[in-house]
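Visitor: Quick one: the structure is below, and I'll ask about it shortly.
The values are calculated or read from the model by the stated rules, or taken from the named source; none is laboratory data. As the structure is a prediction and not an experimental result, all values here were calculated from the model. Cβ: placed from backbone, ideal geometry, glycine included. Neighbour counts: every protein chain shown.
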Amino acid sequence: MKPKIGITIGDINGIGPEIIIKMLSDDRIYALCQPIIYGSTKVLSYYKKMLKNEKFKYTHLKDWGRLAGKQTFVVNCIDEQPEINVGKETDNGGKYAFESLNTALKDWKDGKIDALLTAPINKSLVAKHAGENFKGHTEYITTFCEKDESLMLLTSDRLTVGLATNHIPVNQIASSLKPNLITKKIMMLNKSLKEDFNIQKPKIAVLGLNPHAGDNGLLGSEEENIIKPAIQDANSRGILTFGPYPSDGFFGTLDYTAFDGILAMYHDQGLIPFKALAFDEGVNFTSGLNLVRTSPDHGTAYNIAGKNIASEQSMRQALFLAIDIVKNRINNK
């Protein structure tokens, strides 16, 4: 099986088009999957000329029954002549990114693609078109898949980190944590490690919320009242769960190397150490959904857009992971 991977173009003024073109300029990719970009042939032509890239080949997708050859197919989501302002935040950047995402999700729902790889977007620009409740790809796709919860995972060859809470203000983190929420996230992480990553008996570490993991209640009660009960619940379900660990010592002393998965309590607690350890190779995976969705672990990087210096490494790893998970899920069935 050669999975059909839908790739959203992201913000057309950021590094998305550049890293997509660089990634798909390697012919070996086409032996592993059939890439389908959701965006614009005009945008790709613009960046192809700017990058002076002769290896990248693409064609407008008109007939889904004729996906063949060592080339990328493009679904045009932008009808008008797109206005491109490389390195700038513009309304069109958010508009086109949102149209690309919605078209790809519809095609996945209709069974046309097997997985989704999303290029970076500017959340605030997309929110102008998606609505002020738009918090990011993860939450929007979770709602589209008609799920109450998903698990945001950052993964690399070195470590895999999941988040108990995603894109919420810091002053709302503690009140958002409940024992049943943490247990649910642990269960989702365990299931994903088994079915998506083929780890038979995953060992999961859970981080504390407060400094020194609360210091036995001296620096906060969340560890004793919320996190520990969730860990005990998970263990009663047969999940190998340990913690809560103080996050600074956990990463500083390399304790993370002893675990298959780590559950952090909030966004920066998990992503700062992850990106410090695996920025160029990390992948964002939305676990817990029927849809396989991956993305690179970086943003639009307007400051280097159009300079031909953006690395496609994380984007390539996200593509490889999407292919692997699609195949692993089929095999595990």
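Visitor: Condition first: part of a helix (DSSP H, G or I), surrounded by fewer than 23 Cβ atoms within 10 Å (Cβ to Cβ) and at pLDDT 95 or above. Now tell me which residues in region 1-28 satisfy that.
Guide: Answer for region 1-28, where residues must be part of a helix (DSSP H, G or I), surrounded by fewer than 23 Cβ atoms within 10 Å (Cβ to Cβ) and at pLDDT 95 or above: ILE21, LYS22.
Visitor: Right, next: Which one is modelled with the highest pLDDT, of the residues in region 219-245 that are part of a loop (DSSP other than H, G, I, E, B) and under 17 Å from LEU177 (Cα atoms)?
Guide: So the residue we want is SER221.
Visitor: A follow-up question, please. Residues to consider are LEU209, LEU277, LEU263, LEU289; find the one that is at negative phi and in a strand (DSSP E or B).
Guide: LEU263
Visitor: Count, please, the residues in region 78-99 that happen to be buried (at least 20 other Cβ atoms within 10 Å of the Cβ) and touching a Leu at 6+ places or on another chain (Cβ under 9 Å).
Guide: 4
Visitor: Read through the list (1) within 18 Å of ASN190 (Cα to Cα); (2) assigned to a loop (DSSP other than H, G, I, E, B); (3) under 13 Å from the mean Cα position of the chain (by Cα), then give the number of the only condition that HIS298 fails.
Guide: With respect to (1) within 18 Å of ASN190 (Cα to Cα); (2) assigned to a loop (DSSP other than H, G, I, E, B); (3) under 13 Å from the mean Cα position of the chain (by Cα), HIS298 is out only on (1).
Visitor: Determine, yes or no, whether GLY162 is surrounded by 15 or more Cβ atoms within 10 Å (Cβ to Cβ) and modelled with pLDDT under 95.
Guide: When the stated conditions are applied, GLY162 does not pass them.
Visitor: Still on this structure, I have one more. What residue, of LYS185, LYS191, is more than 21 Å from ASP268 (Cβ to Cβ) and modelled with pLDDT of 95 or more?
Guide: Result: LYS191 is the single residue among LYS185, LYS191 that is more than 21 Å from ASP268 (Cβ to Cβ) and modelled with pLDDT of 95 or more.
Visitor: Go through (1) assigned to a helix (DSSP H, G or I); (2) assigned by TED's automatic domain parsing to the domain that holds THR72; (3) under 13 Å from the mean Cα position of the chain (by Cα) and name the single condition LYS327 misses.
Guide: Result: LYS327 fails condition (3) only.
Visitor: A further question on this structure: From LYS42, LYS4, LYS22, LYS70, grab the single residue that is in the same structural domain as LEU117 (by TED's automatic domain parsing), within 25 Å of LYS307 (Cα to Cα), touching an Asp or Glu at 6+ places or on another chain (Cβ under 6 Å) and touching a residue at least 40 places away in the same chain (Cβ under 8 Å).
Guide: Sole residue among the options that is in the same structural domain as LEU117 (by TED's automatic domain parsing), within 25 Å of LYS307 (Cα to Cα), touching an Asp or Glu at 6+ places or on another chain (Cβ under 6 Å) and touching a residue at least 40 places away in the same chain (Cβ under 8 Å): LYS22.
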